[in-house]
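This report refers to the structure that appears directly beneath it.
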Amino acid sequence: MSAPRTAEVIRNTNETKIRVEINLDGNGRQNLATGVPFLDHMLDQIARHGLIDLNVQAQGDLHIDDHHTVEDIGIAIGQALFQAVGDKKGIRRYGHAYVPLDESLSRVVIDFSGRPHLEFHVPFVRANTGRFDLDLVREFFQGLVNHAKISMHIDNLRGENAHHQCETVFKAFGRALRMAAELDPRATNIIPSTKGTL
């Protein structure tokens, strides 16, 4: 039986104090207290649809705005993913998902390439959903991609409701992450790259 693919990251700055625990081989359990309720809702989608256990506890300078907290949580989750996936032996490497929610449809494609790159094409129909600034969705994923060292394409293909657009992105990310990080029983101890490293 393979070792558990888990990680804990603690990130403390003058702006935020964050602890992230992740288990790539979990069953979707989550414990989320970021101080940003809409972000908690979105992280819940990642855990449940990615079947990863996710614990995120954060204190940030929310009296200013949500920016530092959301971005730094993305960074910390990215660091945890990088640690948990380890040397990448036996993973599928690539993952993709299409997820609908009523009128909205999003696609996320992931490559555990070792080369950070984000393509983010989400034309939100308004700037906010509730009190949450939707500009921060890109900031979250940019921080995550940079520190997980993955290549990711995020496309909202259609949508008329900003909440639905955002939720389909996070659900699709969870599903694509689950596929990409999954261990392939036919490729045990094989790094899925002609270079021999990722």
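Odds and ends about this structure:
- Residue exposure sequence - S113, S104 - by fewest surrounding Cβ within 10 Å: S113, S104
- Positive-end residue, region 123-198 charge dipole about Cα centroid, Cβ charges, pick of Q142, V125, T194: T194
- In this label model, R126 and Y94 are separated by 3.9 nm, measuring between points 7 Å along each Cα→Cβ vector.
- Pairwise centroid distance, computed over Cα atoms, of region 161-198 with region 19-47, Å: 17 Å
- Secondary-structure-derived ellipticity at 222 nm for the chain, considering helices only, amounts to -11500 deg cm²/dmol, per-run term -39500 (n - 2.57) for DSSP H runs with n ≥ 4.
- Residues in region 77-119 reached by a label modelled at E160 [backbone nitrogen below 17 Å; 7 Å Cα→Cβ]: 100-106
- For region 54-91, the residues whose amide N sits under 11 Å from a probe point set 7 Å from the Cα of D133 along the beta carbon direction are 64-71.
- Mean Cβ count within 10 Å, highest first, over the residues of peptides 140-150, 158-168, 61-71: 140-150, 158-168, 61-71
- Residues D133, D184 in ascending order of nearby Cβ atoms (within 10 Å, fewest first): D184, D133.
- Cα gyration tensor, region 147-198 - rounded (a/c under 1.5), prolate or oblate: prolate
- Global size of region 30-118: 14.7, 44 Å for Rg and Dmax (C-alpha atoms, Rg to one decimal, Dmax whole).
- The long axis of helix 37-50 is offset from the longest Cα principal axis of the chain by roughly 20 degrees.
- Tilt relative to the chain, helix 135-148 - C-alpha long axis, 0 to 90 degrees, to 10: 20 degrees
- Unit charges on C-beta of K, R, D, E only; dipole of the chain, Debye: 900 debye
- Spin-label pair S193/L62, simplified geometry with 7 Å Cα→Cβ offset, distance in nm: 3.9 nm
- Dimensionless Rg over Rh [the chain; C-alpha; Kirkwood]: 0.96
- Projecting the Cα atoms of H49, L62, V169 onto the dipole axis of the chain, where Lys and Arg carry +1 and Asp and Glu carry -1 at the beta carbon, places H49 farthest toward the positive end.
Computed from the coordinates by the stated procedures, all read-outs in this text should not be read as laboratory data. If you're wondering where the values come from, they're calculated on a predicted model, not measured in any experiment. Don't worry about glycine lacking a Cβ; one is built from the backbone with ideal geometry, like all the others, and counts go over all protein chains shown.
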